[in-house]
Each structure stands twice: as structure tokens, then as C-alpha cells.
Amino acid sequence: MRRFLVVCSSFVLIAALWAGSVFAQGITWWEHSNPPHNNYSKELVADWNKKHPSMPVEYEFFAMTPYFKKLSAALSTKSAADMFTVIDTLLPSFTTKDVLAPIRPEWLGYKNLDDMKKAYLPGALDGYIHEGKLYAVPMIAATFSLYLNKKHFREAGLDPDKDYPRTWEDIGRVGQKLVKMQGTTMTREAFDFAMHSSAWTMWYLEGLTRQHGGGILDRAGKKCTANGEAGVKAMQVRSMYVHKYKISDPTVSVATNALPADDVPKGRVSMFITHAGSVAQFGPKMMEDIKVVPFPQVNPRKPVSVVYGFALAVNPQIPEAKQKLVHELIRHVVKNAKEWYEKTSYPYPSANFLELPGMDEARKTRYLDVFIGDIKTGTYVTRTPFYLEISDAMHRAMERVVLKNEDPKASLDQACKEIDAALAKP
Amino acid sequence: MSRKALMRWGGRLVTLLTIAGIGLTLLPYFWMLSSSLKTGSEVFELPIRWLPREPQWSNYPDALSRGAFGVYFFNSTLVALAVMAGNLLFCSLAGYGLAKFRFPYRELSFRAILSTLMLPLEIVLVPTFLVVRGLGLVNNYGGLILPLAVDAFGIFLMRQYIKDLPDSLIEAARLDGCSEHGIFWRIILPNCTPALGALALLTFRDNWDQFLWPLIVVSKDRLKTFPLGLAQMEGIDSAAYHEIMAIAVIAMIPTAIIFLFFQRAFVRGIALSGLKE
Amino acid sequence: MFRQKAGWRGLSLQTRLCWAGFLFVLPALLHLIAFKFYPMVEAFRLSFYTYDLMSPPVFHGLENYRAVWNNPLFHQSFWVSVKYMFGVSIPEWFLALALALLLNRRMPGRPLIRLAYFFPIAMSQIVVAMVWKFMYNPLGVVNTVLGSVGVGRINWLATEETALPALILIGIWRGIPLFGVIYLAGLQSIPKEYHEAATIDGAGPWQSFIHVTIPLLMPTILFVMVMSLLSAMKVFLNPLVMTEGGPNGTTRVLPYFIYETAFAYHRMGEAAAASMVLFAFAFALTLIQLRLLRRGGVE
């Protein structure tokens, strides 16, 4: 017994004294977990390491949901990686607190920021600019488009190429021919919104509110306007498929379904809004039955869609020389737009993306035109450091309306009360 | 009905409830096992399938290849064992001190120690991280193990247990000239084996699936524990659930082994703890 | 056995024992001071500051406490936690005892049955969360089983009325074997003679239970009461993984609120203030129970 405990305690002591944190001679890069693109990131790292054996990149990725919290904790204790991937919605939480280093376009090979902007699709960099400075370089631009099941359409006597919905009301009408009921249970939804995350809820609601001419926050970002006329109409659209058109059943696509787009390949929903990466997710076989069309609009003549992206940011606490090196790494990561698309199926927001050689086939079979079209009319979500609080409040409001059939205005009023309270805090 | 008949039926009812209870208890296990052998689309099929059409044994090697799971399991085992060892040693030392000795502020220390059980980890996360960083233990095993090496629960348990050991045993040893140290190692500990077994099992189980603390203190892939690896398998909106379940099944094995190992001691252990003041 | 140091002999036995006791406790105490007390004090200090994790903290007096008090989400979380704590613990107190009584009887295959019942203890937290999330899927196991006895399809985790009870069920499922073991041990330490004496006196099984078993089991019962409440209070992984606090905040337990406020909303000071409230509540609750234990447990 005694010997056992002595061995145990020396074990503990040795483990405790093992100061093994090797000081990284190289560059550390953190990313969030996203199986489609992590593998490509690893390839890029391997490539860099071959060319720069003295300055290897240590690449780590973390589960999506806690990634932001880990990053916050790390930045707060000055132990974050040299370079990290950040999703644009969460960028303001960092830029407003000076924990990101401004990007120097000169170090990326451009003359200045304006010059750099020209290399990208119009507005593609806007999501990453704060007070005139660029804080992150986008790796992908993702947009939401409408995916529909061609087989279901044809079965219902519709022509997927002609009869696809262009507006939200269209979806309701077309959906009534596609929904399948068995008694009172819906066995196949015609259309659905994902309900599993407040991030997706915000993307939908921002898009809808902007299409109606309003916004979730006022222009200065200081007051909640989601309960204004545009916001209420947006929420009505969000919930009308459940209550008015009855082509949607929230008991299917809610927190319990961890894969929001999974209903599509399973044939449980005929139309679904998801991002470009789903093309790779579904795989070429499933995609044969699917057609992608632009994000539905309120007014097809003034299209507004939703765009988001991941971008690379630089840690301001590392010395200048190292920051320059990180810029080199950024250049290396984003240099091949075509490869990004081929390996991850996420479009890259460079200006000449569609003209790159070999893109023609993708335009025809992989709906690239649709995605780029939506990116062009896309707007990033409202920039605010309170993004998570706001999206949680909006998500709760949406749940009240969709699941309990609460009045949209009342629900949004409550959300705005919560949001204004949050905005008022220091 | 005669009393005997009533008792017989009562007995049968109890047996029936027992079996039903076991069924309900084990249902999630069955589901987990079954899901781990299905294909990705079978898992979410409706109406649900209880059994896979064809057991997909390949899920297991596939799942393990998604991350450095060999390393993750090793880390989790190492952390759990080391923390278990630390607790066994330091909690029994402290429990003995609190149970059999009188010194000023003893009860106050005990209550203060108990109070450390009442604050959730999340709020002390950042200050604890700062302490660990100050000690240079970020991103290494020390940082994973040391902060967890002593827990008030173990101190509470050992104190209760040792309180019940007869004082005469200790007195006799002292009269024989045995040192205090000697008494601890030769008299107290050997009589505590059941409680130590219980503590070992519970500590191992609780630390086997540490998630939040490793998330914050470690960023090197080769230091991650298996819950971090598991969570990583979920992407921004896609997850191979059949593979996640395969990992979950594998993850149960070490705990199950420890449980079977300590099971008898555990039941006997708590039995003798008395828990009387 | 090693010789005592010369210095010791100079002190009286009392003093020596005093020092010995203190030294035994010292290593654990030092560890707790470094890794638990200091962070707790820091957290308390932070509750008076505004701190967003990245800029330096700014002193703000009682502002955080005021903000927490005025935050309806905090109040909702507090009550969700209270409901969860008692919702899980109270059934545990009784069902675990029932389980222990059951497994205390002689029946064929007892060791195997015991093993089967105690198995949930071996399952990892995060796996429990994932598997049960599967099972609560509206098209999943729970609804299928209930459907076979005629209950309609309920969306457990997405309906406000059923989400928290669904989580409570999982808490009980996991807690019963754990506390069952503790009760079982307690039952086994009651000498058979007591029950035999009662039977000789003409007591039936129920009376024997009330007048012999329960009083002798008191210390165990109160221990289970304290520990079950404290561990239910800290639960946060299940709501995190399964419902993200929803729907509409009905499963946002207080530790989850604290975690979100600190790390997602970057309001560390407010989160610290909320934790202090939680701590005070737990402390008061435990003190009350320990008082009862003292009164009921002295043999």
C-alpha cells in the first residue's frame, strides 16, 4: 500500500513539474472545427512547412461551439495563437477591444487597402473593416441559397427549372403542392428553416429584415429596431410556413436535429436554405437530385441576400517581424482561390473568381453562378460587439413565435427590451 | 388472498419491476452501441431502427482516424490516473488530520474546504488559468493535472471514514513508539482500503471526461483529452454521429474496467464509512 | 518506523499532536489555497469590476449586482436551477433508497443485477448528453417507445413545458445508481439483529422499516441530501450540449448563464456577481442541512 502511494505521488509530482511547453519556434494557427475545410488547411500547412522548415506552422483546431470562448479566454490571458481564423459575425467582439492586429495590405503584395479591395468582389472585405482598417483576410465567402429537390418537384407535377420559387410567398404557394401529410403528422415538409442555432436564426432574420428595408439595429448600432415594421414583417415570414401555409413542422428541424441540412438528403424536406458548403456535404450523388436557386426575395428586383465568411486574423501581441511572417503565411493560405473552391466547395470572394480557368464546369454543374450571384447581392450581418447577446435574444423571440405562435410584435418587443438592456451596459 | 399468496405476488411484481428498471437503465447503452454500428444515414432514419441492417464495424477504425484519438485516450487516461493518485494521497492525509487531531481553527478549515465545492468551475476558470500560467504550466500535463489533484469531496469522504476508526488503535501504536508518519502509513491507510477504493473510482470517473478545463489550458493537439477530440468531430453544421457513437463506446471501456476492478471494494467501502458524526 | 527527531521530544504530547494534525492537512490546504481559494477570492473581487476579458478591469462598485438583479434572464436562470436541483434531488432521495432496498433482498443473479443498475455511473458526461439527445429526437427512441403505448409524439427538447423535465429525467437516471450505492452500503451496515428483534416483537415489514431502518439510516440520508443538491446545482454540460439553454431559456441553468455571460457576452464582472449569488445560496442551503445532520446524526 505504502509503495503504491509513494509511486502515485511521485507520479503526480513528476507530471506537475514537467514544464514541457516548448516555445514554438514557428507560427501557431488556430481554427474552428469544420471538417470540410480543416483538411485543406492541413494540406496548406504541410506545404508551407516543406518550404519553410525553420519556421514551421503548428496548426490546431477546436470544436466550433467552444472555440470562441477559448479564443476569448486566450486573448484575455495573452496566450492566443499567432494567427487564428475568425468568423465574421464575431469579429467586432475583438476589433472593438484592440485584440487584433491591423492587416497591412503592403505586406500582402498590394499597394494599399483600396488596391486590395479591387482584387476582391465588391463588398467582400467590408465585413472585416472597422474604422477604416482591415482586421482580417477572408478565406471563404459563404452565402445562403435555396436548395430544392428536383424529384419532389417533378412528382408534384412542377418543373424545377421554371416553377422554382423566387419570393417567400412563392415558397408558400409551391410548398402546398409538395407537403406530404399522414393524418395530422407531416411526413415530408415542403420547406424548413434550420432552428438549431442562434447564428443561423440571425442570418435568416437579418436577411429578411433588410429585404423589408429595415435592420435589427439602427445605423449607429446603438438601439434595437427589430421590432419595427420591417422586423415584424420579417418575423411573420419566418413563421408563416408553420402557422399560415402549414408546410413546415418545427418539431422536425429544431435543436434535436444536429445536422440542419441533413433533412434534404433524407428526403424529409423539399426545399431548404443552406450555404454553399452543403454541396460538398451532400456529395455528387445526392446533388444530382438537387437544384440550387438564388436566396428568396421579397422584391426580386432589389435583391438582398446574406453573406458570411471566415477570415484570418493576426495576434497583436507578437513582435512586428513575426507579424510580417504571419502575413506571408496568410498570402500562402489564400493564394489559390480555385483550389479553395475545389477542395472545400466554398467560393472564394476574389474579383476574378468566375473567370478562372476551369470554372466553367462548376458554373454549370455546381451552381457556382448562383452562389456568386448571392454573394454579390449579399450583405454581412450588423457589426456589433454584442452580437451573441443579440442573436440569443432574437433566437428566443423566434422560438416564441414559431413554437408557441406568440404574436411577432409582442415577441420582438421583448427581444428589443433585452437587446437594449444589453447595449446599455458598458 | 392469504398473506403468503400476497407476498408471493408482491415478490413477482418486484421482480418484474426490477427487470423493467434494468431495461430502462440500459436502454441508452443499447442505443449508443447500436448507433455506433449503423451507417451515417441509418442513424437518423425514421421510423427508428433498433438494429443496424448490417453492422458497420468499419465505423470504429474510421472514427479513430478522424483525430489523434490514440493520443487523446492516452492523455485522458494519464490525467485521470494522476488526478486519482493525487486525490488518494492528499485527501487521505488531510482527512486523517481533520478527523483524528485537534488543532486551532480545525472546524473552520473544514468548512472552508467544503465551501470550495460550491462554486462552479466556469467562474473561477480565468483566475485559475492565470495561476496555472504563472506557474508555467500552460500547455503541458502539469497544467492539466495539478489544479485537479486535490478535491474537497475526497477530503470530506476520507474524514468521515477515518473518524469511525477506533482511537484505541492509534493510541496503542503511539504507545509502542510509532511515529505519526508511521501510524498513517501502517495503521490508518491499510484500514481505509474500501474508502480509498471508492474514492479512486469516483475520482477517476469524474476526471476521465474533463472537457472545460482542458479546453482552456491546452491548445496543442497532442495534449488534448478525448472529450475535446469528440467535440471536434462536430463541424459547423455536420457531424458523423455513427462515428461519434463509436468513440463513445470505446470511451466507456476504461471507466468500465476501473469500475469492475473497484466495484466490490466500493460497496463494502461505503458500507463501513458509517457517515455518523 | 523511523526515529523521531530530537526536537520533538521537547514539546508536550498535546502540542506535538496539534502540529502533526496541522501538517497532515497542510499539503491539501496549500493546494486548495492556490487553485481554489485564490481564484474564488479573485472572482469575488471581479464581481465589483467591469471586465470584458480583453481590456483592463474597471471598478464599478455594486453595479454588477444591480445589473444582475435587474436582469430578467438571471432570475429565469435562477429559478430554472432551483427547479432542476430539487426536481432531480427529491426523486433521487426516494428512488435511490427504493433501489437500495430492492437490491438488498436476496434474489437470483443479484451480483449481475447490481452491475446492471450501477452501470450508468460508468458513462461519461458528454456521452450521456449526446446519446440522450439522440433519444429525445422527436423521431427517436423515447417517442417510439411511448408511441407503442399510445402516447402522441412530443418534441421533448423543443417544447417549453417538456424541455426541463426531460433534462431532469436524465439527471435522475444518472443519480439513482450513484446514491443507490451509498444507501445500499448504509443498509448493509445495519446489523440484522435489530430487524430480528423487531420481528420478534411483532412488527411487520413496513413497521420494521419505519422504526428500525430509517432512524439508523439517518446519517446516510442526510449525506445524500446534501451531496445530491450540490452536484445538481453545478450541472451544466447537459443543457449546453442538448438544448443550449432553450427553448426560450427554459433550460438555462445558472452555471450556463454564468458561462455565457462571461465567455460569450464578455461580461466577466456580471458573471462573477451572479456566481456569488449562487455561492451564497448553496452555502446557506448546505449550512441548513448540516445543522439538521448534526441534530439527526449523533449516535
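Please treat every number below as a calculation from the coordinates, not as lab data. Keep in mind that this is a model prediction, so the values were computed, not measured. Methodologically, a virtual Cβ is constructed for each residue, glycine included, from the backbone with ideal geometry; neighbour enumeration extends over all protein chains shown.
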Testing the spin-label approximation: label points 7 Å from Cα along Cα→Cβ at B:L33 and A:K266. State their distance in nm.
2.4 nm
Mind pulling the angle between the C-alpha long axis of helix B:241-273 and the longest principal axis of chain B? Nearest 10 degrees, somewhere in 0 to 90.
30 degrees
Projected label distance in nm at A:Y110 and C:W69, using a 7 Å step from Cα toward the beta-carbon
5.1 nm
Given GluC sites (Glu not before Pro), DSSP loops and at most 13 other Cβ atoms within 10 Å, the longest exposed-site-free stretch of chain A is A:132-287
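Where does chain A land at 222 nm, in deg cm²/dmol rounded to the nearest 500, when only DSSP H runs of n ≥ 4 count, each adding -39500 (n - 2.57), divided by all residues?
Working: 16 runs with 188 residues, N = 426.
Estimated from H runs of four or more residues: -13500 deg cm²/dmol.
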Restricting to lysines 8 or more places apart or on different chains, can you count the pairs in segment A:319-399 with Cα atoms under 26 Å from each other?
11
Calculate the FRET efficiency for B:H181 and B:L16 from the Cβ-Cβ distance with a Förster distance of 45 Å, rounded to the nearest 0.05.
0.20
If you average the sequence gap of Cα pairs under 8 Å that are 6 or more apart and divide by the length of chain A, what percent do you get for the contact order?
25 percent
Just grab the label-to-label distance for A:A351 and B:R111, each label 7 Å out from Cα along the Cβ direction, in nm (one decimal).
7.3 nm
Tell me which of A:P284, B:G11, C:Y49 sits at the most positive position along the dipole axis of the protein assembly as shown, charges placed on C-beta atoms (Lys, Arg +1; Asp, Glu -1).
B:G11
Where chymotrypsin sites (Phe, Trp or Tyr not before Pro) in DSSP loops with at most 16 other Cβ within 10 Å are excluded, longest remaining stretch of chain B:
B:106-277
About the Cα centre of the protein assembly as shown, what is the dipole size in debye to 20, counting +1 per Lys and Arg Cβ and -1 per Asp and Glu Cβ, all else neutral?
2020 debye
Please give the helix B:106-115 orientation as an angle from the longest Cα principal axis of chain B, in degrees from 0 to 90, rounded to the nearest 10.
10 degrees
Please find, in a Gaussian network model of chain B (springs between Cα atoms separated by less than 10 Å), the residue of B:M245, B:M118, B:M32 whose mean-square fluctuation is greatest.
B:M118
If unit charges are put on Cβ atoms (+1 for Lys and Arg, -1 for Asp and Glu) and the dipole of segment A:125-234 is taken about its Cα centre, the option from A:A230, A:I140, A:P165 lying farthest towards the positive end turns out to be A:P165
Evaluate E = 1/(1 + (r/R0)^6) for C:K83 and C:I214, where r is the Cβ-Cβ distance and R0 equals 25 Å; express this FRET efficiency to the nearest 0.05.
0.35
Long-range amide H contacts for A:I290: which residues qualify at under 5 Å (H placed 1.01 Å from N, peptide plane, sequence gap of 5 or more or a different chain)?
A:K150
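Only Cα pairs under 8 Å and at least 6 apart count here; give the relative contact order of chain C as a rounded whole percent. Before the final figure, lay out the partial values.
Working: 297 pairs, mean separation 87.0, N = 299.
About 29 percent, as a whole number.
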Report, to the nearest 10°, how far helix A:35-51 tilts away from the longest principal axis of the Cα atoms in chain A, using its own Cα long axis and a range of 0 to 90°.
30 degrees
Okay, which of segment B:130-151 sit inside 16 Å, backbone N to the point 7 Å along the Cα-Cβ direction of A:K322?
B:138-139
Note, B:L37: beta-carbon cut-off 13 Å, +1 each Lys/Arg, -1 each Asp/Glu, net -1
Residue-wise, which Karplus ³J(HN,Hα) couplings in Hz belong to segment C:195-211, taking 6.51 cos²θ - 1.76 cosθ + 1.60, θ = phi - 60°, and x for glycine or proline?
5, 5, 4, 4, 4, 4, 6, x, 7, x, x, 5, 5, 4, 4, 5, 9
With the charge dipole of chain C built from beta-carbon charges (+1 for Lys and Arg, -1 for Asp and Glu) about the Cα centre, the Cα from C:S148, C:H31, C:A116 projecting farthest to the positive end belongs to C:H31
Please list, by residue number, everything in segment B:181-206 whose backbone N is under 20 Å from a paramagnetic label point 7 Å out along Cα→Cβ of B:A172.
B:181-194
Straight-line reach only, C-alpha to C-alpha below 24 angstrom: list the lysines that A:K417 could link to, leaving out same-chain residues fewer than 8 apart.
A:K222, A:K223, A:K233, A:K404, A:K409, A:K425
Debye, to nearest 20: dipole size of chain B, +1 on Lys, Arg Cβ, -1 on Asp, Glu Cβ
940 debye
For each of A:T143, C:T50, B:T128, count neighbouring Cβ atoms within 10 Å of the residue's Cβ, then give the residues from fewest to most.
C:T50, B:T128, A:T143
For segment B:39-176, what is the relative contact order in percent, using Cα pairs closer than 8 Å and at least 6 residues apart in sequence?
37 percent
Nonlocal Lys pairs with alpha-carbon distance under 25 Å, chain C (8 or more apart, or different chains)
4
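Determine the dipole magnitude for segment B:7-97: charges of +1 sit on the beta-carbon of Lys and Arg, -1 on that of Asp and Glu, nothing else is charged, the reference point is the Cα centre, and the result goes in debye to the nearest 20. All intermediate terms of the calculation are to be shown ahead of the outcome.
Numbers: 6 positive and 4 negative charges, 71 e Å.
For segment B:7-97, the charge dipole is close to 340 debye.
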